[in-house]
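The values are calculated or read from the model by the stated rules, or taken from the named source; none is laboratory data. Remember, predicted model here, so these are calculated numbers, not experimental data. FYI the Cβ positions are ideal-geometry reconstructions off the backbone, even for glycines, and counts take in every protein chain you see.
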Amino acid sequence: MPIVKPVEIRESRLGTVIACGGSCQDVAKEARQGCLKRAERSFSQATVCQEWYSMFTLLTVQNSVAIVHAPVGCASSGSTMNIFNRMGQVVRGESRIRNARWFSTNLTESDTIHGGEEKLRAAVLAAQERYHPEAILIFTSCVSGIIGDPVAEIVSRLQDEVKTRLVLSQCEGFRSSVWLTGFDASFHAILNYVIDAPRETDPNLVNVVSPLTVGRLDEIELERLLKQLNLEANFVPCYASLEGLRRTAAAAATTATCLTYGDYFARELTRRYQIPHTRELMPLGVESTDRWLLQLAELTGRGGQARKLIEAEHARIAPRLAELKAQLKGKRVFVSAGQARALSISNFADELGFELAGTTIYQYDEVIAESLQRLAGRRGAQAATINVANVQPFEQANLLRRLKPDLYVADEMTTGFAARAGIPTVMIYDYGMNYLGYNGLIATGERMVNALKNPSFAVKLSRHRRLPYREEWYQQDPFKYIE
Amino acid sequence: MSCTISENPRYSCALGGAIPSVAAIHRAIPVLHSGPGCGMQLFNGQNYVAGYQGYGYAGGSALPSTNTYEKEVVFGGEKRLRQVLGAALDVMDGDLYVVVTGCTSEIIGDDIGAIVGEFRPQLEAQGRAVAFASTGGFKGNTYYGYDRVFEALAKQIVVPARRRSRKVNLLGVVPSQDLFWQGNLEEVARLLGRLGIEVNTFLTGDRGLDEVRKSSNAALNLIFSPYLADSAAGIYSDRFGVPSLRFSSVPIGPTATAEFLRQVSEQLKIGEALLQKVIAEEAAYAYEYFDKSSLVVTGFSIQHRFAIIGDAATVIGITKFLVNDFSQLPAIAVITDDPPEESRERIVRDLTTLEYADPPEVVFAPDLWSVHEAVRKVSPTLILGSSLDKDLAQELNVPHKSVSFPATDRLILNRAYAGYRGSVTFVEDLVETGLTPL
């Protein structure tokens, strides 16, 4: 087996930045002029590394075992990912729920001196002997990288010893300040270790690249829409079989439920197998779903059908959307999420009728360039503040104090902090809820209305608990530490 | 620490243990000098999966962290630590800041002590304090990280203070790794309070830095683990003359709790009459509820040959209660926290010197495969373990309850299994496993 080089990090591939702040108009203008440069923070809070997201991308692949080549802590979130894994099986109607399987090579102090090859070999052999999986997924770490374990070479040698397909993701945390690189590392692994040959094209098959945070209810909504265009969705990589991953080479087109997630895989399927792909961020909100569907339909020669479907869907949801819009009118919303979701949710300000107070976007690059420009042109987003930050809730706490939004829409990395600040919250990804497509917008709008209807938990929590920041901090420029 | 590979490990690393150990102290703020992902990896892998314990005051994505990248790996991380720690003191509202290190800074060899020392005078003048603990993940597991934090506090923060003859410090309970740490510490403190003993748990209540500083004024440290807090106990003894009394676990149920209260009373010279009164009243409370449980316990004939899987302290505490007070039969006890060799004899002795029944088979195995192989062989009728053992329970078609780390199938807030009241709660949880389908 040839030795595979690591994937290019997003900073150099896409010029991704993680530190910036200002008004929506100003940030959009700077972005337009190409002036958003790599800035750093002289104060920072904990974030996520690419190893975490690489593992999160592949852990639910069917009949696989993961090996994290690292000290024991770098595999500890396996239990967190297993929550999604189990929930996904419940929603898919599995009668026997199964844990994900992950090993740690448990690198210790002496391994940092002598190298970890023997342990990696032992883990691969144990995984094969215990479970006879179809694939063994191997993830590297800061420590394996710093001590210089030649993991790609080791894996290449080990593949001669074992029958199971070895799949290596080279995802040392310190190599990239953009955790999205972890997605690319995983897809790079699928492309180089799993998909081995082109296939004859199935004109009705489309790849839908979809992260674990997009749940089964979202898939059902997208299947409903695609079925009306006579398209079959091949959802990858979560819960996919190796055959499902290989079958991506037979698709007529590729799309993603989150372009940020699927960008590298979709581009590479185009480059390697001439399979075209869509560039809309997410089918989240009416306009985005329209664009997502139309792009996919055009690529597969179904443009006319799609326009009819879109028209019918608009008519179907119009009455309920109007009701929601009336209830959300004038409410000020703050959004915090990864780039695709943050922009997509912010962009439906005009659709749901709320006013955008501000958005934390975990990272900015060309993938969301067009979407940011669209946002800057929206009536409901004109007063918004944009914070590009790999979470950094201290900046956000300062902003929330100034902006005083009525509602906070984000993931669980920060919802609890907003609640402590007295702001009711809506969660944005899969804990058994629908977000995507036309039905997803209605469901999301309903959750927003419900959260506003009874904010008692957050309101009263904030009277008794406080955020861990000094009062002086709230008086200062929220972007003071970006330099 | 075990140096072999591990499937579905049931602990994280030294840094993973250090973060919640600092964060649980009132207004204490861990400052991570580590790679970019350690903070969230370990928040998810430690707090989140311990019955969904929250962020804490300054945990999760709010943890200050240097997030060291390639530049620091190549040129060293001292400049970055100085920058982030300095800013953390301006932004984060705390009394005690503890720098905890990850693998990267340990490997590149940053001089953490020197940098922390630069900030000490300024902080002391403000009534705040700073310390550091060396907790590189490759050096040990969650338990090791707890030990390094309490060793660091004993060395760097605790100062001599006047002895209080009826005061104790509680040690050896690792926040989040022990799912019921908070409720258990509260129940133990409540019981000791009834004997007129003042209690510093370090990790609950609102006394924080001040209490840590003056913890040298205790008459006794009580340690609830077969092996943890050894290093901290040594410092308390050598520097401050505070002895320690070690229990293998928090006491659970009337028998163990009475014995615990008796031993502490002896050490602190609590009057026999008061001790008898407290034990009698507390036992009466518990037994009123045990009697109430009897309808279903005797009526459904609830007697299990149980397998228990978890850290040594949890396994010992629950096994003793179920066997000595509740007529259950121990089939196997699997210890998953990889305790040091020298503590294993004590653990086996604790688990095999029970008042009733045949002693369980005792197995030490941190690896899921070996754990499950051992349990399958004894065909238990109940599995008390972590949520990772649900698959096995389903395979063997027996009930299961999560009592050890990780637990992703329950929310744990102030739930306690310790003491008298805790054992009543535990009986509810135990019996519920069989009633859920009804």
Query raised in the report: If a residue has to be β-branched (Val, Ile, Thr) and free of Cβ contacts under 8 Å to residues at least 40 places away in the same chain to count, how many in the range A:409-439 make the cut?
Result: 3
Query raised in the report: Across the range B:270-284, what is the total count of residues that are more than 28 Å from residue B:327 (Cα to Cα) and without any contact (Cβ under 8 Å) to a residue 40 or more places away in the chain?
Result: 3
Query raised in the report: Of the residues that make up the range A:23-30, is at least one over 22 Å from the mean Cα position of the chain (by Cα) and within 30 Å of residue A:147 (Cβ to Cβ)?
Result: no
Query raised in the report: How many of the residues in the range B:242-261 are touching a Phe, Trp or Tyr at 6+ places or on another chain (Cβ under 8 Å), among the hydrophobic types (A, V, I, L, M, F, W, C) and surrounded by fewer than 23 Cβ atoms within 10 Å (Cβ to Cβ)?
Result: 1
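List the helices (runs of 4 or more DSSP H) that sit entirely inside the range B:128-244 and contain at least 2 residues that are over 23 Å from residue B:15 (Cβ atoms).
Answer list for the range B:128-244: B:181-194, B:208-213, B:230-240.
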Query raised in the report: farther than 23 Å from residue B:421 by Cα, within 14 Å of chain A (Cβ to nearest Cβ) and either out of contact with any Lys or Arg (no Cβ under 9 Å at 6 or more places or on another chain) or among the polar types (S, T, N, Q) (or both) - does that describe any residue in the range B:297-309?
Result: no
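If I ask for residues that are more than 9 Å from every other protein chain (Cβ to nearest Cβ) and in contact with a Leu (Cβ under 9 Å, 6 or more places away or on another chain), which ones from the range B:20-49 would you list? Give the derivation first.
Within the range B:20-49, the subset more than 9 Å from every other protein chain (Cβ to nearest Cβ) is B:20-26, B:28, B:30-31, B:33, B:47.
Matches in the range B:20-49: B:20, B:21, B:22, B:23, B:24, B:25, B:26, B:28, B:30, B:31, B:33.
Counting only residues that are more than 9 Å from chain A (Cβ to nearest Cβ) and part of a loop (DSSP other than H, G, I, E, B), which one in the range B:99-127 is farthest from residue A:474 (Cα to Cα)?
At the first step, the residues of the range B:99-127 found to be more than 9 Å from chain A (Cβ to nearest Cβ) are B:99-101, B:105, B:109-127.
Restricting the remaining residues to those that are part of a loop (DSSP other than H, G, I, E, B) gives B:109-111, B:126-127.
Numbers: B:109: 36, B:110: 32, B:111: 32, B:126: 20, B:127: 22 Å.
Among those that are more than 9 Å from chain A (Cβ to nearest Cβ) and part of a loop (DSSP other than H, G, I, E, B), it is B:109.
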**Report entry** From the options A:315, A:297, A:306, residue that is farther than 30 Å from residue A:20 by Cα and either of a type in the set (Ser, Thr, Tyr) or out of contact with any helix residue (DSSP H, G or I) (no Cβ under 9 Å at 6 or more places or on another chain) (or both)
**Finding:** A:315
Query - Filter result (of a type in the set (A, V, I, L, M, F, W, C), over 15 Å from the mean Cα position of the chain (by Cα) and at pLDDT 95 or above) within the range A:336-360 - result: A:352, A:354, A:356, A:357
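Only one residue in A:309, A:299, A:269 is out of contact with any strand residue (DSSP E or B) (no Cβ under 7 Å at 6 or more places or on another chain), at pLDDT 95 or above and crowded, with 16+ Cβ neighbours inside 10 Å, so which one is that?
Details: A:299 fails: out of contact with any strand residue (DSSP E or B) (no Cβ under 7 Å at 6 or more places or on another chain); A:269 fails: out of contact with any strand residue (DSSP E or B) (no Cβ under 7 Å at 6 or more places or on another chain).
The unique qualifying residue is A:309.
May I ask you to say which residue of B:6, B:12, B:61 is hydroxyl-bearing (Ser, Thr, Tyr), buried (at least 24 other Cβ atoms within 10 Å of the Cβ) and either more than 7 Å from every other protein chain (Cβ to nearest Cβ) or under 15 Å from the mean Cα position of the chain (by Cα) (or both)?
B:12
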Requested in this report: Kindly list, by first and then second residue, each pair from a residue in the range B:73-98 that is at negative phi and part of a strand (DSSP E or B) to a residue that is surrounded by 18 or more Cβ atoms within 10 Å (Cβ to Cβ) and not aliphatic (A, V, I, L, M), limited to pairs with Cβ atoms under 6 Å and residues at least 6 apart or on different chains.
Outcome: B:92/A:468; B:92/B:64; B:98/B:30
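Out of the helices (runs of 4 or more DSSP H) lying entirely within the range A:370-483, which hold 2 or more residues that are surrounded by 23 or more Cβ atoms within 10 Å (Cβ to Cβ) and within 14 Å of another protein chain (Cβ to nearest Cβ)?
Per the criteria, A:393-403, A:415-420.
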Query raised in the report: Out of (1) farther than 27 Å from residue B:10 by Cβ; (2) surrounded by fewer than 23 Cβ atoms within 10 Å (Cβ to Cβ); (3) within 13 Å of chain B (Cβ to nearest Cβ), what's the single condition that is false for residue A:159?
Result: (3)
Requested in this report: Just name the residue that is farthest from residue B:41 (Cα to Cα) out of those in the range A:52-77 that are within 17 Å of the chain's Cα centre (by Cα) and among the small types (Gly, Ala, Ser).
Outcome: A:54
